[in-house]
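For reference, the structure discussed in these notes is given below.
The values are calculated or read from the model by the stated rules, or taken from the named source; none is laboratory data. In this text, all values refer to a predicted model and were calculated from it rather than measured experimentally. For neighbour counting, all protein chains shown are included, and Cβ atoms are generated from backbone atoms with ideal geometry for every residue, glycine included. Only protein heavy atoms, including side chains, enter the accessible area calculation; ligands, DNA and RNA are left aside. Shrake-Rupley method; radii C 1.70, N 1.55, O 1.52, S 1.80 Å.
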Amino acid sequence: MTSNVIYGSRKMRGARLLQCLLLLQNRGRMTSAALADELEVSQRTILRDLDAMTEAGLPVIVHQGALGGIELGFEYRTKLTALTEDEAEAIGLLLANPHPALAQIERMQAARRAAGKLIESQSKTIRDLIAKAQSRFELSHAPSTDNDPRVTALARAVRHQNKVVLAHTSPNPRPIHPIKLEYAAGAQWVVHCAQTAEGVAEDRWGDIAISAKSFAT
């Protein structure tokens with residue numbers, strides 16, 4: 001039991017240190033009193049946390065005097081929020097689609113507020129990547145665990161703006177310019193194309209062919 005308590009306290013402190021970093025990153029210079037109020041701990045705890053952050057090599061700068069306070073060193077934001085493009089896409093989609101069960105435990109609104117804060121904590125480049133991902137993919141319902149290789153292929157085509165031919169081995173192949181992939185309420189994947197506002201559900205895809213040629217949006 002003692003080890004579990006210690007482990008839990010370490011996790012809580014780690015979460016508090018990260019939140020402290022985000023506060024300093026987003027708000028700039030803050031006093032220890034303001035940090036203590038925001039994090040709901042004592043100023044002594046904040047000072048201990050700052051010592052731990054400094055020992056870990058984080059660029060924490062403390063200014064003395066009436067106009068003093070605590071701030072992060074120059075350009076630390078980039079280091080803290082340097083997500084790769086695929087990580088930004090994945091995080092953006094996760095944040096845009098909180099688990100529906102949250103509504104039943106009265107935490108859906110809190111989840112959406114938290115998602116907004118997390119996105120705002122990123123650089124403009126990362127925020128733009130997240131916005132692009134959320135415009136290209138929509139996962140409003142949880143898909144089945146069956147892996148359809150056509151979905152993977154179409155997702156790549158959406159990302160890279162590759163031309164696609166649906167039902168390409170049929171007598172009536174359908175060329176499309178895929179711009180969005182959605183998992184819809186009808187328990188099917190739907191691909192949306194630039195040529196029409198109507199999406200095409202996966203039961204109408206047939207065999208697909210992905211072209212190396214791209215299209216302009």
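The residue list LEU18, ALA194, PHE215 was ranked by how far each Cα lies along the charge dipole of the chain toward its positive end, using unit charges on Cβ atoms, and LEU18 comes out on top. For region 170-210, the solvent-accessible area of protein heavy atoms averages 53 Å² per residue (probe radius 1.4 Å; ligands and nucleic acids excluded). Estimated from helices alone, the mean residue ellipticity of the chain at 222 nm is -15000 deg cm²/dmol (sum of -39500 (n - 2.57) over DSSP H runs with n ≥ 4, per residue). Over region 133-217, the Kirkwood radius and the radius of gyration, each from Cα atoms, give a ratio Rg/Rh of 0.93.
Which one, GLY73, ASN97, ALA131, projects farthest toward the positive side of the charge dipole computed for the chain from Cβ point charges (K/R +1, D/E -1)? Result: GLY73. Straight-distance candidates among the aspartates and glutamates for linking to LYS180, with alpha-carbon spacing under 12 Å and chain neighbours fewer than 8 residues away dropped: GLU138, GLU198. Charge tally around ILE210: other residues with Cβ under 12 Å, Lys/Arg +1 each, Asp/Glu -1 each, net +4. For an R0 of 35 angstrom, estimate the FRET efficiency from the Cβ-Cβ distance between THR152 and ALA114 and round to the nearest 0.05. After rounding, the FRET efficiency stands at 0.75. Among the trypsin sites (Lys or Arg not before Pro) within region 83-161, those in coil by DSSP and having at most 15 neighbouring Cβ atoms inside 10 Å are ARG107. Peptide packing for 189-198, 165-174 was compared via the average number of neighbouring C-beta atoms within 10 Å per residue; ordered from the highest value, the list is 189-198, 165-174. Restriction of the GluC sites (Glu not before Pro) in region 92-197 to DSSP coil positions whose beta-carbon has at most 15 other beta-carbons within 10 angstrom yields GLU106. At 1.4 Å probe size, with the rest of the protein present, what percent of the exposed accessible area of the chain is carbon and sulfur atoms? Reported share for carbon and sulfur atoms: 54 percent. With a cut-off of 13 Å between beta carbons, the residues surrounding LEU102 carry a summed charge of +2, where Lys and Arg count +1 and Asp and Glu -1.
Taking Cβ atoms as reference points and 14 Å as the exclusive limit, the residues near ILE70 contribute a net charge of -2, counting Lys and Arg as +1 and Asp and Glu as -1.
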